[in-house]
């Protein structure tokens, strides 16, 4: 041992070879050092040691060749069996090798100048800024080879303004990260929105170097963001009226912040540890290891790096949450999910997963049970508070009353009841259309609007089934079934879409079934067609026949009970009696509001009453259209029956008892005109029934059989059916302001026909009395007494007057039909144009016109 | 000298060579002889870091002595 030391001393200090006293002294000194407790703490981890050596090598020569060589050598060394303390040897070499890089790169070129490179403080190659405590120059070493840094340090020491210790700054920065102002660095004001407001409290004795300032600035950003997020979370905490989505956002933020606290705690303990070890091990050799773990501002920056991004994201969300709400908030966050940065994307996805949970909970209830559970109105379906609690009362009372009325509409309390019914009718459609509203701005964009509509419709249907169709059992069963199918969540959008689709189909199908089977919608539609659109020909004829005498009277002499009684008779006498009683009892006859001078024909109408929930489809608006159609068709029917009766009279009478030979020609003319009228009205009727009503009905039936779409589609289909009929039956044209021109013309034509009919009646009566007079005269001539001879010859101007009227109405009719045909030929609607063709088949009217033109 | 002894010698020599190369890589500026001395000392249980301290101390001493002699000589 001692001899070893001696040889060491001799080899390293050549001077000592001659001088024994020096040698002894040095050996003693070395013994002292060796027996001291320097670096006792090192544990034998050769891997760690090798790593640190490699790192050192890489630092000194970045090309990596020495490091590679070292790895090689190390591997070989480890194979060697000789040494028992390889680790110790290595660590010895490392300790020695940790000499200044400058000296290493220029290893003493001239032995004559064999001065070791200027000694430097051990902390010199430590990363980051040098701390004054460690770099305080030791006197005696500065005599030669001063670098500029040394000079500067010296200068600083002289003016007594050293750099502020990094440890102090580090502590402050850790405070800053928690949003607390430190001793040397402070936030100007917590409330200040400007993140750059960071003040460095200038200590006259210390300097904070500019790079360090910038570094602290960067770090302080995280602290600032933290303050914002934290204040947001705290602000929402315990406040009432915060939406559930916001609450879950707060929860997520809070858990993120907890993570953040954990990091801060780790950093703080590390700082404390490194400070502690610094106090104890002031020995230079201890620094090497400590350097690996010690916390510095730059290391802090690296540690915080990820959190800076995270904090930024959180802060953005917080900013957005201030003015967005519910679904819009989800939407806002989702906007960040489309980011190329995987970190941002992942963070956003996580956040969305959390935040959208309440949304999906609401969605689930809405989609599978039709309940809107949304206390903070965050869902994209909004309920109308006025309609929210309005539930359908199944009209058992009304139904009972109707039934007890013996099949037909209530006789008593006519005014009040009809008002009631119209009020309820409003409700059906209003409830369906108005109870829930779709709010597009609240729809999360990852759902998509088409799906949003589907979701909306599904929930609405379920709700409707439950509350308006009294079928909550089914909904409850469905709900139970759906619960087994897994939950909805953000990460499974495809599954979500699938469940939406199935739920939509099931709900719509069910609603259709309920409407068609439970409530017999199709029966009602058919009944409307049969009765109000005069599909039952025999019924219409019967009704016409029995009502005709009544209806010619002024409207104010008609009584509703008479009408309903007649209606009942008509039903009994026609095939309508075989219709289900539920349909028949809804039929009612009543008068529209009339003004002075109107007769029964103008005000009479049939009515068909529907109740909930059918009135969702057959709403009051639709009923008005049905009445309009009925009115028109009824008029046509009336004209037709008037004409057919007139024809029977004219044709039959003329052959049998109207023997006034000089008027035969006039009768012929009358028959020609009447035939023309009958042709017109028959074509009109055929057009209405066959081409319009039946065709529309077929389309509607096809839709009903397909059972596609939801209730909205059904309502829409029915509406289209009705609109189509109204438009075509009433010959409405598309031209604005002139929609009803043709209709008016047709109505005028009807009046003309009736007037003509009246004139022919007069003519008929005249002929009748004339022939009777002549018969009497002839009898008298033959000497048979048949009664007192009336030789009151009708006044001579009666006949010309009647004939004039007949001719006038006949020609007026002809002109008007021509005008109508002309109008129809240019009609926008193809069916109406065909009606024109039918009316003027073989160009009857055209040739007439041309004749008239050529004659003129 | 048995063959085992020769083996031991040669492997010791190899080990020393490797260590010397490492020391050169690390720029310890030790010559082979000193290195051998140091390694044997470490094998005998001397604390390596303390030994490194000794080497440095001696080097410093070595530089100081000529200085002193220079000063003395002036």
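Any read-out appearing in this document is the output of simple, stated calculations on the displayed coordinates, not a laboratory observation. No experiment lies behind these values; they were computed from the predicted model shown. We place every Cβ from the backbone using ideal geometry, glycine too, and count neighbours over all the protein chains shown.
Taking a ≥ b ≥ c as the square roots of the eigenvalues of the Cα gyration tensor of the range B:3-71, is the shape rounded (a/c under 1.5), prolate (a/b larger than b/c) or oblate?
Taking the square roots of the gyration eigenvalues as a ≥ b ≥ c, the range B:3-71 is prolate.
Would you please classify the overall shape of the range A:340-386 from the alpha carbon gyration tensor, given that a ≥ b ≥ c denote the square roots of the eigenvalues, rounded means a/c under 1.5, and beyond that prolate means a/b larger than b/c while oblate covers the rest?
Since a/c reaches 1.5 and a/b is larger than b/c, the shape of the range A:340-386 is classed as prolate.
Return the whole-Å distance between the Cα centroid of the range A:515-554 and the Cα centroid of the range A:205-259.
Each part's Cα centre sits 75 Å from the other's.
More than 13 angstrom separation, counting every C-alpha pair in the range A:712-760; what % is that?
Percent of Cα pairs beyond 13 Å in the range A:712-760: 67.
What is the order of A:366, A:601, fewest Cβ neighbours within 10 Å to most?
A:601, A:366
Given R₀ = 45 Å, what would the calculated FRET efficiency be for residue A:178 paired with residue A:68, taking r from the Cβ atoms and rounding to 0.05? Write out the running numbers ahead of the final one.
Details: r = 45 Å, r/R0 = 0.99.
Approximately 0.50, to the nearest 0.05.
Would you order A:167, A:173, B:63, A:258 from fewest to most other beta-carbon atoms within 10 Å of each residue's own beta-carbon? Can you show the working numbers first?
Values: A:167 17, A:173 28, B:63 14, A:258 10.
Going from least to most buried by this count: A:258, B:63, A:167, A:173.
Please label the shape of the range A:496-603 as rounded, prolate or oblate, based on the square roots a ≥ b ≥ c of the eigenvalues of the alpha-carbon gyration tensor (a/c under 1.5 means rounded; beyond that, a/b larger than b/c means prolate, else oblate).
Prolate shape, in that a/c is at least 1.5 and a/b is the bigger ratio.
Specify the inter-centroid distance of the range A:577-631 and the range A:738-777, based on alpha-carbon positions, in whole Å.
So the separation of the two Cα centres works out to 31 Å.
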